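Take a look at the structure below.
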Amino acid sequence: MRILIATDAWHPQVNGVVRTLTMMAEAAKTFGVEVGFLTPDSFRTFALPSYRDLRLALPDRAKIARLIDQARPDNIHIATEGPIGLLVRRYCRQQDLPFTTSFHTRFPEYISARLPVPESWIWRMLRAFHGPSKAVMAATPALASELRARGFRNVVLWPRGVDTRLFHPRAADLGVKRPVFLCVGRVAVEKNLEAFLELDLPGTKVIVGDGPARAQLSRKYPQAVFLGSRQGEALAEAYAAADVFVFPSKTDTFGLVLLEALASGLPVAAFPVTGPRDVIGDAPVGVLDDDLQMACLSALTISPQDCVEFAAGHSWEASARAFVEHATTLRAADPEGEVMEFAAEGPHLAA
């Protein structure tokens, strides 16, 4: 069984999409499924103006077709709505090949935070992109329900996992005053980091990650410690050296870092929104409250062992099995799909 995943997000990017795809593919090997990738590595790329560390591919249709033919996949999955995803989608439609997609990023909120573009336009474009998909994979039940309510079809659940061999409690020390309140992720406006950095908390606030807002935030909040990007053991040690994991984002569809923190014995403090609400639910491993400061302080009383035991129930093998099931079980869908056109007033759909 060979599955080809088309993705615009790839190494050296450090984000939940890349980690999800690579960990899922590794786990799929254990039950005989080969997952290959069609990525920006095969094309020229350019850096996004506001994200110099993120590069978009400049693919061409002929090379896309050649790479797919060479891969000879049994199934095709499109993970992102970028240039590669768009051209692979077009190829599949022209060749009458069924494909599946996944919804990872809330682009309407991300784009509206930077540009005066109505969120309704972006949702319409995303609905059109995913329209012909035989299965649109969502990470949580709440996100799946939201997508269905917004008119997405064939929405299925694809849960995430965590590598407990890497992320687990261990002796570690960041050399700062405790308690340590840790936040891990891209340092950008959509992550709502200022809601965390403005809090009056004891100990030390620590940020792991990089992004376009890092320089400005580090100047504005000199009392916080910005460690930059960390991966592998260095990232695992940062988790283990903290006391509470703070997740101020209100736009994430899941938040893979939540499971990594819990596996490391860190209770979570977050807003009661999609992502943390779906990962944690009513489990006694975090505090979700609109008062983030209260959530942070209350989380200090939670048992680290409860967090570890909770995370142990989320394996990458289970995630991979769900992905393969959806990718290989082609579901009935409207064969026409939706075609997106643009007019002066914005995007609209045509038959």
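The values are calculated or read from the model by the stated rules, or taken from the named source; none is laboratory data. Keep in mind it's a predicted model, so treat the numbers as computed, not measured. Here the Cβ positions follow ideal geometry from the backbone for every residue, glycine too, while neighbour counts run over all protein chains shown.
Results, tabulated for the structure shown:
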read-out: Single residue of Phe181, Phe129, Phe152, Phe99 found to be surrounded by 16 or more Cβ atoms within 10 Å (Cβ to Cβ), in contact with a Pro (Cβ under 8 Å, 6 or more places away or on another chain) and modelled with pLDDT of 95 or more; value: Phe99
read-out: Sole residue being acidic (Asp, Glu) and crowded, with 20+ Cβ neighbours inside 10 Å, chosen from Asp210, Asp252, Asp282; value: Asp252
read-out: Selected residue [modelled with pLDDT under 95 and either part of a loop (DSSP other than H, G, I, E, B) or closer than 30 Å to Ala188 by Cα (or both)] from Leu87, Leu56; value: Leu56
read-out: Filter pass, Ile78 being in the same structural domain as Arg150 (by TED's automatic domain parsing), at pLDDT 95 or above, of a type in the set (A, V, I, L, M) and touching a helix residue (DSSP H, G or I) at 6+ places or on another chain (Cβ under 7 Å); value: yes
read-out: Residues that are in a loop (DSSP other than H, G, I, E, B), touching a Gly at 6+ places or on another chain (Cβ under 6 Å) and free of Cβ contacts under 8 Å to residues at least 40 places away in the same chain, drawn from the stretch 248-277; value: none
read-out: Odd one out for Ile3, checked against (1) farther than 22 Å from Val257 by Cα; (2) in contact (Cβ under 8 Å) with a residue 40 or more places away in the chain; (3) of a type in the set (A, V, I, L, M); (4) surrounded by fewer than 21 Cβ atoms within 10 Å (Cβ to Cβ); value: (4)
read-out: Selection within the stretch 323-344 - in contact with a helix residue (DSSP H, G or I) (Cβ under 9 Å, 6 or more places away or on another chain) and modelled with pLDDT of 50 or more; value: Phe323, Val324
read-out: Residue match in the stretch 66-78 (condition: more than 12 Å from Leu4 (Cα to Cα) and touching a residue at least 24 places away in the same chain (Cβ under 8 Å)); value: no
read-out: Any hit, the stretch 24-41, residues being assigned to a strand (DSSP E or B), in contact (Cβ under 8 Å) with a residue 24 or more places away in the chain, assigned by TED's automatic domain parsing to the domain that holds Ala57 and of a type outside the set (A, V, I, L, M, F, W, C); value: yes
read-out: Qualifying positions in the stretch 278-289 - under 22 Å from Trp316 (Cβ atoms) and in contact (Cβ under 8 Å) with a residue 12 or more places away in the chain; value: Asp278, Val279, Ile280, Ala283, Val285, Gly286
read-out: Pairs where the first residue, in the stretch 138-153, is assigned to a helix (DSSP H, G or I) and the second is charged (D, E, K, R), C-beta under 7 Å, 6+ apart; value: Pro141/Asp278; Ala142/Arg277; Ala142/Asp278
read-out: Residues satisfying the stated conditions in the stretch 89-119, i.e. under 21 Å from Arg150 (Cβ atoms), free of Cβ contacts under 8 Å to residues at least 12 places away in the same chain and of a type outside the set (D, E, K, R); value: Ile111, Ser112, Leu115, Val117
read-out: Elements of type helices (runs of 4 or more DSSP H) contained in the stretch 287-330, each with 1 or more residues being more than 24 Å from the chain's Cα centre (by Cα); value: 292-299, 304-311
read-out: Any chance Val273 is closer than 30 Å to Thr30 by Cα, modelled with pLDDT under 95, buried (at least 16 other Cβ atoms within 10 Å of the Cβ) and assigned by TED's automatic domain parsing to the domain that holds Leu258; value: no
read-out: Residue within the stretch 76-84 that is more than 24 Å from Phe43 (Cα to Cα) and crowded, with 20+ Cβ neighbours inside 10 Å present; value: no
read-out: Residues (part of a loop (DSSP other than H, G, I, E, B) and under 26 Å from Thr251 (Cα atoms)) located in the stretch 1-23; value: Thr7, Asp8, Ala9, Trp10, His11, Pro12, Gln13, Val14, Asn15
